[in-house]
Amino acid sequence: MAAALEYPLTEAQSGLWFAQRLDPANPIFNTAHYLDIRGDLDVEAFRAAVDQTAAEAEALSLRFVERDGEVFQTLDPTHRPQLQIVDVFAAADPVAEAVAAMRRDHETPLDPTRDPLAANILFLMGPQRFLWSLRVHHLATDGFGMALLTNRTAELYNAARGGPAPGPAFNPIAKVWEEDAAYRVSDKRTADAAYWREIMGDAPEVASLAPGKATTAHRFHRIERALPPEVTARLRARADAGRLSWPDVLTAIGAAYVRRFSGAEEAVIGVPWMGRMGSVSARTPAMVMNVPPLRLTLDEDAPLDEQLIVASKALIKTRRHGRYRSEQLRRDLGLIGGARRLYGPLVNVLPFDLPPRFAGLDTTLKVLGTGPVDDISFTFRGDAAPALTLEVDANPDLYTLEEAAAHAERLAAFLTNALDAETLGEVPIATPSEAARELEAFNDTAHPVPDTTLTALLEAAMKATPDAPALTFGDQTFTYAQLDRRTAALASALAARGVGRESLVAVALPRSLELVIALVATLRAGGAYLPLDLEHPAERIAAIVRAAGPSVVLAHEDIGGAFGEALLAPADWPLDGAAPAVAQGGEDAAYVIYTSGSTGDPKGVLVEHRAIVNRLLWMQAEYGIGVHTRILQKTPATFDVSVWEFFLALISGGELVVASPGAHRDPAAIAGLIRGHAVTDLHFVPSMLSAFLADPAAKGIAVAHVFCSGEELPAELRDRFHQTVSAELHNLYGPTEAAVDVSYWAAGPDDASRPMPIGWPVWNTRLVILDERLRPVAPGMGGHLHLGGVQLARGYLNRPDLTEDRFIPDPHHPGQRLYRTGDVARRRADGAVVYLGRSDHQVKIRGLRIELGEIEAAVIASGLARETVVLAREDRPGERRLVAYLVPAEGYDPAALKAKLAARLPDYMVPAAIVALDALPTTSNGKLDRKALPAPVFEAAAGRAAETPTEKIIAELFAETLGRSEPAGADDDFFTLGGDSLLAVHLMMLIRERLGRDPGLGALFDRPRVAELAALIDAEALDFDNGLGVLIRLAEGDPALPPLFLIHPAGGLSWGYRTLARALSPRRTVWGVQSPALDPQNALPDCIEGLASVYVDHILALGAPGPVHIAGWSVGGIIAQAAAVELERRGVKVGLMAMLDSYPAECWRAEPEPDPVDAMRALLAIAGYDPTQYPELRSRAAIVAFLKAGDSALGGLPEAALDGVIRVVLDTNRLVREHHHRPFGGRTTHVRAALDHKDRDLTPGLWRPYSPDLDVVEVPFLHPQLTGPAATALIAPELDARMTAFEEIAR
Amino acid sequence: MTKLTPQDLTLERMRADVAAVLHETPDSILDDDNLMDLGVDSLRALNLSLAWSEAVPLEFSELAEHTTLAGWWSVVQARLRAAGHDA
């Protein structure tokens, strides 16, 4: 063996090396298995076979060396894993004992520069039972290599026991290195790179089975499931029939499962590739395997046999280019560092990984770990003749154990069904029990509701509490009796104009008493109300009135001349009259609300009494709404949230508080209304809630309930809510088409859900998540949210075509309907529904529903554009803006277009930017290429230049590291610009040099953008600044223990005590006390006593338990003594008072004044250098430059702080010389640097005049060494013992 | 299907099996063609080695080191000889 051989990391090892380096404490890079052996094992023959295999498998003896920033591997015979034999015969449960030992070993992280990478242990369980454990770091071998090791051991064992002669030994590892070297410079690699760029260049965003960042945890979930022989027989038969290999069939169906579950257009999976064909590594244990990506579109409607052939061909091509590292491919594609991925789950078929055949023995193989699990891996292990096991390994950060188990069960069922299917489309994804839960158990909402109308509920409340306040607007209040009289009068007038059941009454009134009267009166006349928003353009209002044809319009004036004879203004409303007797029923229309329509015209949703009665009575019961309730009405009547605001209080005997027009956008006005009217319940659209909470007026608001709906309620907002106001918070969800809300979720302060669900169905309501074929989806999987039950709207007014499209027959409940929401949702494991997004181009801005198609139609209708597409862009998080892209027509003028759009669309639908293009970009298959649409010019963010000083430096360092001529922009991503792990190390080095900061390599991976990294570094700098306060916490410990205060030495800083502070046991809080004069703004202290008094003030202000322990090194000891005197003077109990090698002031008074340069040079000592070694440093500039180049904390100080240190050093001599000690009545502990002071007679005894009770500890160190780790190891226990003794006395 | 015997396992038999996996005719597979270039990947090679090991013990890893039919035949010949069969 050529032990002196050395080779850099192979390409295959590099990714693992950096992953382990980023997370050195992570044991997941240990691969391990054990063989359970039953029978008469010849232990000596076995030992010989294992040791021989270990000798042949050189990779097991690898050692890694870092030198000059490069990594090398070499062979170290001392690392060879000779078989250890462990006898657990005597253990109560030998198997448990052995497995626990293996697990401990397997879960111990390895340092590849130090530790042997492999271990071989044979556990003796009993006369006929053995467990052979093999654990190898992934840098040394992959799964195929593990199989080689066990098979070779079996071959050698069998030969020794009289079996056939063994085949040739393994190849030397150097041959694998040669292949690596040859491939790196080969044309093949160039061709492979080109192939992968071609295949993956236009890959979509990769979807997986669970949201979250796919970075391996320290452990993984493992579920194993044997596939029955009839399934493997079917698998082989289907593969043979198509002349396919069965592993490829498994991979294809696994990909189909991933594609279906993720809901993506294509599956992008990782397909582990062992890289052995035509390679010396076929007979060499080594880390060779790679995980190339596989993209499969898998047309679910095409014959499955065809799709399997397509998949098989794709796999053949993948393997042909399989050697090209996926890490390199990530870099090529710019997929490093962020959340973007090369592939989702892995599908791995391991037909070669069978238990080795040991003659005369029964063996079973148990795999403990195969390396990192970034996301989820589906491994099929076995030869399918008939043994085949499905193993699901899942990252516990992304999946629960139950979810992993459900995937195993579901994939097994999907596979079984697919093997008999003509097309993938016919294979359901949910198991039968999952389907039943989705359709029934999660929707068990039947609840009795009286067969009545909203009108009847309102009239009953009017009779029940006639004198109670019903309605307040400004300083006017109506009782229920007054409301009854006014609404009856208007109802009679409406009836006189022909309003009755199924009539429409349009209401175009600002928020006012009249508005509420109009709505109630319309219902009492038997009609349905149609609200119009006065803030909408007249053209739009007129269009709705024309389409709906209301019998009467209740408005102050005829907007746009559209109302004509139908107008009935409040001025003309009668004040008295009897409400008509109308035989209203639950199926009658109650209201019609218009929403944006994708085809260009708004559409009117007609809701019946039965539906809204269910919704109101549910809410009344769920939230205890009653006579005590005061609801704030602030939502425009055209937004259906207003429906419960208007009526819930009025059917419950409570009070409706109507906000003035415009108040709903003014947080201070809302807060004023809540406080002024003691409002108990109100609603916010989440974006408005966010603005409300940000207003100081919101602070301390207390109400019963706040309801949110209309858009997603972010978890952060929930948390901010509970910090600001006192109220229950509820997240409601529902479209206008299902009577306001159909689901609810209590977002209390204890709710930790992220994202927050929309929750559970309300009474008599079903929320079902279905796939394209209207089959239930599996829990956790995205699907189309459909609604069923009593709250569904009748449909769209006068648009049976639209109604038929959205309200469909329920295939699972004959005779019932489902409403297709267009929302995409998933079911949590507990059954709560989580909203994921839209399946179409509907967007919401400030809670308002917008069909982009309606805006596009308006753009085309302007005649100024030939083609257009409108998008809601969110180029900055939380800033969603509408952008219209268009191809101009004759006479195009952006200002004219904007004016035309404003005349037709509500303001929130008018695009914020209009971008004219020569043509709309298309993809290769002719579809609109949304990604290619440019960001509009208002997006300065997209290319913001580096601005802050730190950003500018980082931007330059990015450019320097990456070899770019221009500095990077503030939002540029290091990895997107071409950075890789090695360049990252280089960048971090430059940052250390240039900025004196070391945020760590991991920080760059988390924050790869210039601005993010700069912000992190600035935040750390802030900590440095904080580290200059009078008190800094050096260690945190048991708060019940009295802290120790360590007084700064000459430099004024206490950082030098960090080692000592952390070495104390028991751990106690240690405070460093530092000079206020470090801040150049503060005056220099007058004298040591004055300084000590200031320190005592700070110490006592903490209010920590006593006695006060105090100590200091060098000058710090002098100040500590003065502080102890001051504490004593103030009657405060002093515990430990220790000086580390300090001597009284009179020893220094007679010394000559130090040269200012020498004082400056004291800085070197403070920074931990020996000044005598650097005689050439004779100026401030030279000393500062030297410190900055080094790695001491002083070098990292900002300039101003360094100035502070210098002036404190220079001033210390004066302070000490002028100081006169006063006696201290307690005990003085003196720690003497016994190796120092050869040339002067400095002894602890010099303190005796000031401290009769003198306690001396000698340590064999020099004065400057006392705060270092070696001296600390001796000093800390001495101080511990004394502090504990003082505390016992004090007790 | 009858069990494959050591006598059955000839170069021509192996050529025919490789051709079948590739959906090709046997005469299009030459002794020194790179089988990987023709589309024989590791899984296909594994399946072939499993089929042939009915006749003689074969380690997939030994076959996998080679990329030509001639190379594979040399491995099989060595194994046949070791098992006491003329090849």
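The values are calculated or read from the model by the stated rules, or taken from the named source; none is laboratory data. What you see is a predicted model, and the numbers here were worked out from it, not measured in a lab. So basically every Cβ, Gly included, is an ideal-geometry build from the backbone, and we count neighbours across all protein chains shown. Side chains included, ligands, DNA and RNA excluded: accessible areas come from the protein's heavy atoms. Shrake-Rupley method; radii C 1.70, N 1.55, O 1.52, S 1.80 Å.
So here's what we get for this one:
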| read-out | value |
| --- | --- |
| Label-point separation in nm, A:K366 to A:F72, each point 7 Å along Cα→Cβ | 4.2 |
| Neighbourhood charge, 10 Å Cβ-Cβ cut-off, centred on A:T108 and excluding it, Lys, Arg +1 and Asp, Glu -1 | 0 |
| For A:238-244, mean number of other protein chain Cβ atoms within 10 Å | 1 |
| Two-site FRET efficiency, A:T948 against A:L22, from Cβ-Cβ distance with R₀ of 22 Å, rounded to 0.05 | 0.20 |
| Alpha carbon centroid spacing (whole Å) that separates the range A:1220-1254 from the range A:399-460 | 81 |
| The range A:1046-1144: C-alpha gyration tensor shape, a/c 1.5 cut-off, then a/b vs b/c | rounded |
| Loop sites in the range A:211-267: trypsin sites (Lys or Arg not before Pro), DSSP, at most 13 other Cβ within 10 Å | A:K213, A:R243 |
| Mean separation of Cα contacts under 8 Å (6+ apart) over length of chain A, as relative contact order % | 6 |
| Most fluctuating residue given options B:A55, B:A20, B:A64, as computed from a GNM of chain B linking Cα atoms under 10 Å | B:A20 |
| Sparsely packed trypsin sites (Lys or Arg not before Pro) within chain B, loop by DSSP, other Cβ within 10 Å at most 15 | B:K3 |
| Charge-dipole axis of chain A as Lys and Arg at +1 and Asp and Glu at -1 on Cβ define it, positive-most pick from A:T477, A:S1054, A:W17 | A:W17 |
| Rounded, prolate or oblate (a/c below 1.5 giving rounded, otherwise prolate when a/b exceeds b/c) for the protein assembly as shown by Cα gyration tensor | oblate |
| Separation of the A:A387 and A:H1237 label points, Cα + 7 Å toward Cβ, nm | 7.7 |
| Local electrostatic count, A:D576, Cβ distance below 12 Å [Lys/Arg +1, Asp/Glu -1] | +1 |
| Listed peptides A:279-287, A:98-106, A:1249-1257 by packing density, highest first (mean Cβ within 10 Å) | A:279-287, A:98-106, A:1249-1257 |
| Full-stretch length increase - A:T190, A:R104 - with 0.36 nm per residue and alpha-carbon distance subtracted | 26.6 nm |
| Label-to-label distance, nm, for residues given as A:T1284 and B:Q77 (7 Å Cα→Cβ offset) | 8.0 |
| Mean accessible surface per residue for the protein assembly as shown, computed with a 1.4 Å probe while every protein chain stays in place, in Å² | 40 |
| Within straight-line cross-link reach of A:K952, lysines at Cα separation under 17 Å, skipping those fewer than 8 residues along the same chain | none |
| Hits among lysines - C-alpha to C-alpha of A:K313 under 23 Å, sequence gap 8 or more where chains match | A:K188 |
| Lys/Arg +1, Asp/Glu -1 at C-beta; chain A dipole; positive extreme among A:V373, A:S133, A:P1039 | A:S133 |
| Segments A:318-330, A:1085-1097 sorted - mean Cβ within 10 Å per residue, highest first | A:318-330, A:1085-1097 |
| Peptide ranges A:630-640, A:1038-1048, A:472-482 listed from the most packed, as the mean C-beta count within 10 angstrom indicates | A:630-640, A:1038-1048, A:472-482 |
| 222 nm mean residue ellipticity, helices alone, for chain A (DSSP H n ≥ 4; -39,500 (n - 2.57); rounded to 500) | -11000 deg cm²/dmol |
| Kyte-Doolittle mean at least -1.0 and Cα axial length at least 27 Å: DSSP H helices in chain A | A:1199-1218, A:1269-1290 |
| Per-pair calculated FRET efficiency, R0 = 56 Å: A:D202 and A:R1033 via Cβ, rounded to 0.05 | 0.55 |
| Per-residue mean of C-beta atoms belonging to partner chains within 10 Å, peptide B:34-41 | 4 |
| Additional length obtainable on full extension of the chain from A:R225 to A:T599, 0.36 nm per residue less Cα span | 129.6 nm |
| Most to least accessible of A:W760, A:W177 (protein chains only, probe 1.4 Å) | A:W760, A:W177 |
| Computed magnitude of the charge dipole of the protein assembly as shown (debye, nearest 20; Cβ of K, R +1, Cβ of D, E -1) | 1100 |
| Cα-centre dipole for the range A:287-380 with unit charges at Cβ (Lys and Arg positive, Asp and Glu negative), debye to 20 | 600 |
| Filter on A:K213/A:K366; A:K634/A:K844; A:K844/A:K898; A:K1188/A:K1238 - keep pairs with C-alpha separation over 24 Å | A:K213/A:K366; A:K1188/A:K1238 |
| Solvent accessible area, Å² - A:Y623, 1.4 Å probe, full protein context | 20 |
| Gain upon complete extension [A:A436, A:R1214; 0.36 nm per residue less C-alpha separation] | 271.5 nm |
| Positive-end residue, chain B charge dipole about Cα centroid, Cβ charges, pick of B:S42, B:P6, B:I29 | B:P6 |
